[in-house]
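Bear in mind that the values in this text are calculations on the coordinates, not laboratory data. Nothing here was measured: the structure is a model prediction, and the numbers come from that model.
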Amino acid sequence: MAQGLSNAPKNEPTGRSGTVVTGGGAYKKPKGLLDAISEIQQFKVIESGSNHIDSDFFSIQQRLDYYSVGSRSGMKESVFMFLIFPVFGWIIPSYLNFFYGGTTGVDTQVLLLLVALLPALSYVGLCVFLANLYSGQITKMAINALLMGRSMVMAMLGFFIFFVYYMLYSLSLTKSVSHAVISMFFAIGKATNPHLPKLRNYYDLFYYQKIRPDFLDIAVSNLIILLLSATTPLFTLYFKYYRKKYNAYRAKKKLEGKC
């Protein structure tokens, strides 16, 4: 089994070259995002202890493992947003406005949007945390592999989901699709509010006037949201990292009287 850094003690002896002698336990493949972050924290501890770790210790297989963890995370987020974003971002506001009259309040719209974007917002917060760990060769490689796996999968699924919604938009006038969707809204309406109109015609109007025209908007919006979700955490990480480096550089120049 490949030797890694997972169980290497903090006070490992170093050779003349400064390379850490990792004679500790065997490398354990991270099972999920929490495992991967815990491993990254260990890498950070080792590398911050004035120890140099040769990049070969972080093998191609280990990079693929971190890439895989990030990919699975990105896939779960994409599926969540594929199912949730249209409901909270489009269908619920349209439903409330159509059957209850008026317009959805700004506070309600913001709340619904936050629910739809919760995974992406949580990942931005995670990247702010990872930016504090982003130093040392192995630590950087692990973080980059994790985030690139997530971003690549979300970008690819974003275009796939756009295609799915575009096909729904194209098929939305066919009898079978329209009948199935209208029946679903009709059943939801009766279950959630017994005072709503019992006539199916109301739901026919809701579908053709509100939902069907929005399919194309949902397709474009979902693509934009997923692409932003794929790139914003990376931007947050690198921006915070380089800003920290720049502030350190400015502080050094100030101490030297050059700034």
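With a/c under 1.5 counting as rounded, go ahead and sort segment 42-176 into rounded, prolate or oblate using the C-alpha gyration tensor (a ≥ b ≥ c being the square roots of the eigenvalues; past the cut-off, prolate if a/b is larger than b/c, else oblate).
oblate
Please work out the Cα convex hull volume for segment 135-183 and give it in Å³ per residue.
About 80 Å³ per residue, rounded to a whole number.
Return the subset of K44/K244; K31/K245; K76/K245 for which the Cα-Cα distance in this structure is over 25 Å, preserving the input order.
Pairs exceeding the cut-off: K31/K245; K76/K245.
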